[in-house]
Amino acid sequence: MRAVVQRVKKADVTVKGNEIASIEKGLLVLLGIEKEDEQKDLDYIYNKIKKLRIFDDEDGVMNKSLLDYDLELLLVSQFTLYGDARKGNRPSYVRAAGFDEGVKLYEEYISMAKEEGIKIKVGEYGADMKVGLVNDGPVTILLDSRKEF
């Protein structure tokens, strides 16, 4: 499982011209699910994201997490995080999870966050989405449950 985590001042998702989710200050998470991913991959990514200390404390040091400030999280599925463009110019997506496998883990992430009281908003899994954001910093962190990078 891979995630691109962006600290944002605001972010939104639009599908077919309709805004379906928006947040103010918090995290925008683009989540890529691999066909081999299991619960342990989800647990790793989920726990890492909620505890990432990328928000400034009172001294201006990135030392606080989403949980410390009770901020919002916008979760957006993005299978292209498993695009492999090492050969040729057209990326291969053979490692990306199929719809049924991917949506199950995506929905489990949402359930875990809601159970913990995290303010989560979501994109539409598998949809053609337009994502808008104002990156704060900019701060962007790349995560991989198999620690490939």
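The values are calculated or read from the model by the stated rules, or taken from the named source; none is laboratory data. Note that the structure is a prediction, hence the values are computed from the model and not measured. As a convention, Cβ positions derive from the backbone with ideal geometry for all residues, glycine included, and neighbour counts pool all protein chains shown. To get the accessible areas, we keep the full protein, side chains included, count just its heavy atoms, and leave off ligands, DNA and RNA. Shrake-Rupley method; radii C 1.70, N 1.55, O 1.52, S 1.80 Å.
Averaged over its residues, segment 98-149 has an accessible area of 62 Å² per residue, based on protein heavy atoms and a 1.4 Å probe. What you get for the chain, charging only the Cβ of Lys and Arg (+1) and of Asp and Glu (-1), is a dipole of about 520 debye around the Cα centre.
The residues neighbouring I110, those whose beta-carbon lies less than 15 Å from its own, together hold a net charge of -2 under the Lys/Arg +1, Asp/Glu -1 convention.
For the chain, set up a GNM with springs between Cα atoms under 10 Å and report which of G98, G26, G17 has the largest fluctuation. Maximum among the listed residues: G17.
In this structure, the amide hydrogen of A96, modeled 1.01 Å from its nitrogen in the peptide plane, lies closer than 5 angstrom to those of K35, counting only residues at least 5 positions away or on a different chain. Over the chain, what is the percentage of antiparallel beta bridges among all DSSP beta bridges, to the nearest 5? Bridges in the chain are about 75 percent antiparallel.
Taking Cβ atoms as reference points and 12 Å as the exclusive limit, the residues near Y93 contribute a net charge of +1, counting Lys and Arg as +1 and Asp and Glu as -1.
Considering only F79, F99, F55, the Gaussian network model of the chain with Cα springs below 10 Å gives its largest mean-square fluctuation to F99.
Separation of the alpha carbons by more than 22 angstrom is noted, of K48/K87; K25/K50; K51/K147; K50/K121; K25/K51; K10/K130, for K48/K87. Put simply, the amide H of I54, placed in the peptide plane, has neighbours under 5 Å in K64, L66, leaving out anything fewer than 5 places away on its chain. I need the shape label for segment 29-78. Rule: rounded when a/c is under 1.5, else prolate if a/b > b/c, else oblate, with a, b, c from the alpha carbon gyration tensor. Prolate. Rounded to the nearest Å, what's the spacing between the alpha carbon centres of segment 1-17 and segment 124-149? Just the number, please. A separation of 6 Å, based on Cα centres. For segment 1-114, pairs of C-alpha atoms spaced more than 22 angstrom apart make up 40 percent of the total. The residues of segment 1-83 expose on average 47 square angstrom of accessible surface per residue, using a 1.4 Å probe on protein heavy atoms. Residues whose amide H lies under 5 Å from that of K121, counting only those 5 or more places away or on a different chain, are L73, L74, L75; hydrogens are built 1.01 Å from N in the peptide plane. Projecting the Cα positions of I49, F99, I23 onto the charge dipole of the chain (unit charges on Cβ atoms of Lys, Arg, Asp and Glu, taken about the Cα centre) puts F99 furthest along the positive direction.
Summing charges over all other residues whose Cβ lies under 9 Å from the Cβ of L73, with Lys and Arg as +1 and Asp and Glu as -1, gives +2.
For the chain, the fraction of 1.4 Å probe accessible surface lying on carbon and sulfur atoms is 47 percent.
Note on the chain: with a GNM built from Cα contacts shorter than 10 Å, the maximum mean-square fluctuation among L28, L133, L73 falls on L133.
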